[in-house]
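Chemist: First the structure, which I've put down as structure tokens, then a few questions once you've had a look.
The values are calculated or read from the model by the stated rules, or taken from the named source; none is laboratory data. Since this is a predicted model, take the numbers as computed values, not measurements. Don't worry about glycine lacking a Cβ; one is built from the backbone with ideal geometry, like all the others, and counts go over all protein chains shown. Keep in mind that these areas ignore ligands, DNA and RNA; they rest on the heavy atoms of the full protein, side chains included. Shrake-Rupley method; radii C 1.70, N 1.55, O 1.52, S 1.80 Å.
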Amino acid sequence: MCGQAVKEKQETQDKQDIQERARTLTFEILRYNPQVKGETPKMKTYQVKEAPGMTIFIALNEIREYQDPSLQFDFVCRAGICGSCGMVINGAPGLACRTLTANYPDGVIKLLPLPGFELIGDLSVNTGKVFRAMSERVESWIHDKHADNVDLDKLEETMDPDTADEIYELERCVECGVCLAACATKRMRDDFLGAAGFMRLARYAVDPRDKRSDEEFYDIIGDDDGVFGCMTLLGCEDYCPKDLPHQTRIAYLRRKMAFAKRS
Amino acid sequence: MKIIYTDSLVIGGGLAGLRVAIASKQRGYDTIVLSQIPAKRSHSAAAQGGMQASLGACIKGEGDNEDVHFADTVKGSDWGCDQDVARMFVNTAPKAIRQLCAWGVPWSRVRKGDRQVIINGEKVTITEKNEAHGLISSRDFGGTKKWRTCYTSDGTGHTMLYAMDNKAIQLDIPVHERKEAIALIQEEGVCYGAIVRDLVTGDLIAYMAKATTIATGGYGRLYAVSTNAVISEGIGAAIALETGVAPLGNMEAVQFHPTAIVPVGILTTEGCRGDGGLLLDKDGHRFMPEYEPEKKELASRDVVSRRMTEHMRKGKGVSSPYGDHLWLDITLLGREHIEKNLREVKEICDYFLGIDAAEEYIPVRPTQHYSMGGIRTKHTGESTELAGLFSAGEAACWDMHGFNRLGGNSVAETVVAGMIVGEYVADYCKENCLNVSTKTVDRAMKKQENMIADLINRDAGENPFELKKEMQQIMMDKVGIFRNGDDLTKAVDELKVLNRRAKNIALRNRISSSNPELVEAIRVPKMIKLAQCVAYGAQLRTESRGAHAREDYPERNDRDWLNRTLATWKEEDADLPEMNYEPLDVMKMEMPPASRGYGVDNIVPHPDTEKRVEEIETVKQENPDADRFEIQEVINPIDIPAKFTGRNERVGRGFK
């Protein structure tokens, strides 16, 4: 047990050393609760002692628990998988849960809610409503009248392994909304579908199980609120946390749509 | 009073909840899903490695079928599962996966010809059959005889959840987001819906339904470090417990996953080891073969987690400011494989650890991961005691996992249980009317209104965040991987104190609309009750079974403990749940208790075991020409919705 005690002492010492060397971070956070009558938006500043490996997820929870229990934000998986925690971090939209505070050398981190979404409060925005509407608009499901009559006892339809991989590649979108927040066209045109919607359609367009024709896709995205409205500033490509190939897929859809109407 | 009526109310928008909702909607019943968050953000999305179903298309899955899957599942459960349910599950899993295929999941496919894989640390070439080309492939996972885990890279849960939610959108099923069910409406043994709090406006709404399904996932966040999403707080199970009627089953059965990263506890999939990754100690030594020569890194999760802990206790762990850890080495799989099949893992290592997993070892440690316990149900998914209340997925103790769940069997359970329970929910909607006095609803509503008013009006009291932290630390320190009587007694006593303190919570932010502190204040007392069920159940269960490992009772005691723990909270002011035990009937088991084949056999046998083994042998001898289906029909007949009774086809084998 003696060895164990020495070891624990060493670990405690290590932790103390780390704490002493730790920076004090400054968080500037937009505070506004639309539910409270008469409240107006304002920036508030909080100081947090940095810990090794600290993410914005950890820091915001510390602020909520020890300094201000009214602070609103959204995290679910806290592992970069679920897409809940999109926010504007020092001017750039991204996923807060996997953003390390160590990435900011001057220790000042300014947090704003994602623009273009209905504000729930502070850093929390209503992405759910926007993405449900997107899914309904692009009819984000397999269009095959036999899909519900498949004999589940029999072997599944085969699929080329490369096609399956390609579909997965395009299906990695987590609906975080970063592409929409980073989109200049979306700022000017409220009904613009945006990159997440294009990516969803591109995903169904390569899926042989979806029987929709190019003309049917054209009816969904063949106008200025669709793929022809894109100004190709490509904020989506720059900030997508999943590194989805927005640029090439938007270009691909535009070409495909241009040909679709001619035929 | 705001009231919303529906036929089928589903609480929870993850895979299990959505699948139940789809079933009731497709049968023509009005259906509403409630979710704290947008459905696609549910914790189902975090399942990485895959879903078990015995399709047997990949060459290493040859010879696989329902029976092999059944045997693995029962063994994995340490004979603690309900074998009828396990049988329903394995027979339906191939259908579930094929349905998801039709609904759009891009399952990774078999590619004919040679490919290199890593098995037991060595490069091996395997050759996939031509006729299997393009069928759904599968990978190796722990505790399975065959490569049975179907996958899409390591984003399986994501693709399944997206396909499922998209299907729900296609069917126009409304998902009421940012709503939390905080109490059930019930009277005289029947459930009529839930009192629901709008997390934005703070409004309370009564959702009234013929059938109410709880599919809110597990209770991992009772622990300070967990792989689970921050919403996995067990509130669905807690509101069932608070009815005083519905029992929770096997709450002490809590699984620890071997490979979560240190210190944040984010999961790296079992697929890492399934695909050939190794566990190494501080000397870079591969230690698992010494402990488990046969299955090595791919022993069942509970076994690997215990072996890792034992090895660290011998001083072989790597020291860090966050305590000891071990290494997970996937570098031997090669960059190409990692970037294609383990890309989420690579991304997590990159962002959270700042390491390149294709070149560096990953620091890992066993971490709370899965809740085998939950709302005890019949095989139909309906509560054993509260009519009209159903449960599916991790929130339920349907009980196909017993005391340890196999990797790949959890997402599989969500969709299979969703299919099966969904049919029974629809049957219930067909057979029953919503017949309840609004007085009952009013009473349920008033109670919650008063609870919230008390919280907001109390001038001074306990801080809910602090109470939660204390509870989480007790669970970490005293109700962990290895358990003993002394620690458990302390945990039970300390949690009792917390339970009392939780009756006196006061807020700093005293508003009733969107308010994270109020959310916490409503949840924490519920979580403490669940923690008490876990700790007390663990204290009373004086044996070791699956993930419940007692240092002071190392044997699996079938003689005294081949049963299921049932916890009910009958009196609101009680400071402990009431515990009862439901025996498992050996004489009805398709697979009578035996050794799992790990470590030293340490079993106190059940007096009926031998008799049952002989009985089954006799059945087999008396029916020499019977095939496996006919034998199963005799020794383990199951009741399953008619549409799922067909035999499953496999490549090269037909329907045999």
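Chemist: Rg to Rh ratio, chain A, alpha-carbon atoms and Kirkwood radius?
Modeler: Here the Rg-to-Rh quotient is 1.09.
Chemist: Please give the residues from the stretch A:54-83 for which the solvent-accessible area of heavy atoms, probe 1.4 Å, is smaller by at least 30 Å² with all protein chains in place than with the chain isolated.
Modeler: A:Arg64, A:Glu65, A:Tyr66, A:Pro69, A:Ser70, A:Gln72, A:Val76, A:Arg78, A:Ala79, A:Ile81, A:Cys82
Chemist: If you take the accessible area of B alone, add that of A alone, and subtract the area of the pair, what total do you get in Å², probe 1.4 Å, to the nearest 100?
Modeler: 6700 Å²
Chemist: Largest first, how would B:Trp107, B:Trp327, B:Trp561 line up by accessible area (1.4 Å probe)?
Modeler: B:Trp327, B:Trp561, B:Trp107
Chemist: Separate question: Roughly how many debye, to the nearest 20, is the charge dipole of the protein assembly as shown about its Cα centre, given +1 on each Lys and Arg Cβ, -1 on each Asp and Glu Cβ, and no other charges?
Modeler: That gives the protein assembly as shown a dipole magnitude of about 1560 debye.
Chemist: Please work out the FRET efficiency for the pair B:Glu359 and A:Thr232, using the Cβ-Cβ distance as r and a Förster radius of 35 Å; give the result to the nearest 0.05.
Modeler: 0.45
Chemist: Okay, moving on. What is chain B's relative contact order, in percent, from Cα pairs under 8 angstrom and six or more apart in sequence?
Modeler: For chain B, the relative contact order is 19 percent.
Chemist: Between B:Asn509 and A:Lys42, what is the FRET efficiency for a Förster distance of 25 Å, r being their Cβ-Cβ separation, to the nearest 0.05?
Modeler: The formula returns an efficiency of 0.95 here.
Chemist: Here's a follow-up. In square nanometres, what is one fourth of the surface area of the convex hull spanned by the alpha carbons of chain B?
Modeler: 27.5 nm²
Chemist: Something else about it: In nm, give the distance between the simple-model label positions of A:Asp243 and B:Asp639, each being 7 Å from the Cα along the Cα-to-Cβ direction.
Modeler: 5.3 nm
Chemist: How would B:Tyr598, B:Tyr370, B:Tyr553 rank on accessible area, largest to smallest, probe 1.4 Å?
Modeler: Highest to lowest solvent-accessible surface, that is B:Tyr553, B:Tyr598, B:Tyr370.
Chemist: Ok, one more. So what is the relative contact order of the stretch A:3-125, in percent, for Cα pairs below 8 Å that sit 6 or more residues apart?
Modeler: The normalised contact order for the stretch A:3-125 reaches 28 percent.
Chemist: Please compute the contact order of the stretch B:457-606 in relative form: average sequence separation of alpha-carbon pairs under 8 Å and at least six residues apart, divided by the residue count, as a percent.
Modeler: 23 percent
Chemist: With a 1.4 Å probe and every protein chain kept in, tell me what percent of the accessible surface of the stretch A:3-125 is carbon plus sulfur.
Modeler: Looking at the stretch A:3-125 in its full context, I get 51 percent from C and S.
Chemist: Oh, and also: Can you give me the C-alpha center-to-center distance between the stretch B:372-414 and the stretch B:514-530, rounded to a whole angstrom?
Modeler: After rounding, the separation between the Cα centres reads 24 Å.
Chemist: Distance from the Cα centre of the stretch A:27-95 to that of the stretch B:577-652, in angstrom?
Modeler: Each part's Cα centre sits 53 Å from the other's.
Chemist: Continuing with the same structure: What is the extension gain from A:Asp17 to A:Lys211, computed as 0.36 nm multiplied by their sequence separation minus the C-alpha to C-alpha distance, in nm to one decimal?
Modeler: Between A:Asp17 and A:Lys211, full extension yields an extra 63.6 nm.
Chemist: What is the helix-to-structure angle for B:485-501, meaning the angle in degrees between its Cα long axis and the longest Cα principal axis of chain B, kept from 0 to 90 and rounded to the nearest 10?
Modeler: 30 degrees
Chemist: Which three lengths, in whole Å and largest first, does the stretch A:3-125 cover when its Cα atoms are put on their principal axes?
Modeler: 59, 30, 25
Chemist: Then there is this: To test your reading of the geometry: what angle, between 0 and 90 degrees and rounded to tens, separates the Cα axis of helix B:83-102 from the longest principal axis of chain B?
Modeler: Roughly 80 degrees between the two axes.
Chemist: Compare each residue of the stretch B:515-553 in its chain alone against the assembly with all protein chains, and report those whose accessible area goes down by 40 Å² or more; 1.4 Å probe, heavy atoms.
Modeler: In the stretch B:515-553, residues shielded by partner chains: B:Pro516.
Chemist: Mind listing the Cα extents of the stretch B:556-648 along all three principal axes, in Å, largest one first?
Modeler: Sorted largest first, the three principal extents are 60, 41, 23 Å.
Chemist: Which whole-number value in Å³ per residue fits the convex hull of the alpha carbons of the stretch B:257-352?
Modeler: 94 Å³
Chemist: As a test question: what accessible area, to the nearest 10 Å², does B:Ile603 have when a 1.4 Å probe is rolled over all protein chains in place?
Modeler: 60 Å²
Chemist: A follow-up question, please. Please list, short to long, the whole-number percent of alpha-carbon pairs of the protein assembly as shown in consecutive 10 angstrom bins beginning at zero.
Modeler: Histogramming the protein assembly as shown at 10 Å steps yields 2, 12, 23, 27, 22, 11, 3, 0, 0 percent.
Chemist: Can you pull the one-decimal nm distance between simple spin-label points at B:Glu578 and B:Ile456, each 7 Å off the Cα toward Cβ?
Modeler: About 3.5 nm, to one decimal.
Chemist: Run the simple label-point estimate for A:Val108 and A:Gln10 please: 7 Å along Cα→C-beta, distance reported in nm.
Modeler: In this crude spin-label approximation the distance works out to 4.1 nm.
Chemist: What number does the stretch B:1-157 give for Rg over Rh if you use C-alpha atoms and the Kirkwood radius?
Modeler: In the stretch B:1-157, Rg relative to Rh is 1.05.
Chemist: Please compute the per residue accessible area over chain A with all protein chains in place, 1.4 Å probe, rounded to a whole number of Å².
Modeler: The answer is 46 Å² per residue.
Chemist: Now, a different point. Of A:Leu201, A:Tyr239, B:Thr152, which is farthest towards the positive pole of the protein assembly as shown's charge dipole, taken about the Cα centre with +1 and -1 on the beta-carbons of Lys, Arg and Asp, Glu respectively?
Modeler: A:Tyr239
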